[in-house]
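Okay, structure first, notes after.
The values are calculated or read from the model by the stated rules, or taken from the named source; none is laboratory data. Being a predicted model, the structure only gives us computed values, none of them experimental. With ideal geometry, Cβ positions are generated from the backbone for all residues, glycine too; neighbour counts draw on all protein chains shown. For the accessible areas, the whole protein counts, side chains as well, though only heavy atoms, and no ligand, DNA or RNA atoms are used. Shrake-Rupley method; radii C 1.70, N 1.55, O 1.52, S 1.80 Å.
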Amino acid sequence: MSKSKNSFINKNTLAEIGKINTLNVVWETENGVYLDGENLGEILMPRKFVTDEVKASEQATVFVYSDSEDRLVATTENPLAMVGEFAFLKVIETNRFGAFLDWGLPKDLLVPLSEQKAKMTEDRQYLVFVFLDKLTNRIAASAKIDKYLDNVPPDYQPGEKVDLLIAEETEIGYKAIVNNQHWGILYKNQVFKALSTGEKLEGFINKIREDDKIDLLLEK
């Protein structure tokens, strides 16, 4: 791989911050390689992530986010949650800016004070939504999860397979997040195994009620 621009760059390649992207290599330096983020410009992939396979194919499948100096970087490490997803994450530090969560990457994930329902405390886990601040291009998290759910009418069919995140146990069953978009309920009398808060599993749509509430099943 030379230190000059590649001529076969895919002009349809658009990088998304906070997502997994497959990007073309366009430049190599001692620090690593630069990838074509098209709309985002060139993005550094540090040397430690550059494998022989990347050099041979001149492409890399990476997660794009901002480092501690707010520079866009690409990594082959995967976070515990990406932009647009919900997850239970642990607070490892708090300060006047907010709470910092362990999300599996070197730079911790900030929950600003304005995005906390109540003041977060260290060593506790919280259900959060990961979002991209469009003004700063910074990835952050919010504990005010209701504003990110049920914003579009549910469009599911009875028996349809869906991804579930168990969010809370109630008197009647378990509240679950459906496909990172909607609230749903698993009734206790229809659940025949132990479930844990934070557990991810597959389920099925039982029915959509007249008020757009979703009843779920674990078995079709």
(request) Compare the Cα positions of PHE97, VAL83, THR136 along the charge dipole of region 11-144 (+1 at Cβ of Lys, Arg; -1 at Cβ of Asp, Glu; about the Cα centre) and return the one farthest towards the positive end. (result) PHE97
(request) Taking the Cα centre of the chain as origin, sum charge times position over the Cβ atoms of Lys and Arg (+1) and Asp and Glu (-1), and report the length of that vector in debye to the nearest 20. (result) 140 debye
(request) Under 12 Å Cα to Cα from LYS90, which aspartates and glutamates show up? Leave out anything in the same chain fewer than 8 places away. (result) ASP102, ASP108, GLU122, ASP123
(request) Please list, or write none, the lysines whose alpha carbon is within less than 22 Å of the alpha carbon of LYS188, excluding same-chain residues fewer than 8 places away. (result) LYS161, LYS175, LYS200, LYS207, LYS213, LYS220
(request) Enter the accessible area per residue of region 11-58 (Å², integer; probe 1.4 Å; all protein chains in place). (result) 54 Å²
(request) Using a 1.4 angstrom probe, figure out how much accessible area region 93-220 has per residue, in square angstrom, rounded to the nearest whole. (result) 60 Å²
(request) Using a 1.4 Å probe over the heavy atoms of the protein chains, calculate the carbon and sulfur portion of the accessible area of region 97-156 as a whole percent. (result) 52 percent
(message) Could you work out how much longer the chain between GLU171 and ASN39 gets when fully extended? Use 0.36 nm per residue separation minus the Cα distance between them, nm to one decimal.
(response) 42.7 nm
(message) Helix-only estimate, please: 222 nm mean residue ellipticity of the chain, summing -39500 (n - 2.57) across DSSP H runs of length 4 or more and dividing by its residues, to the nearest 500.
(response) -500 deg cm²/dmol
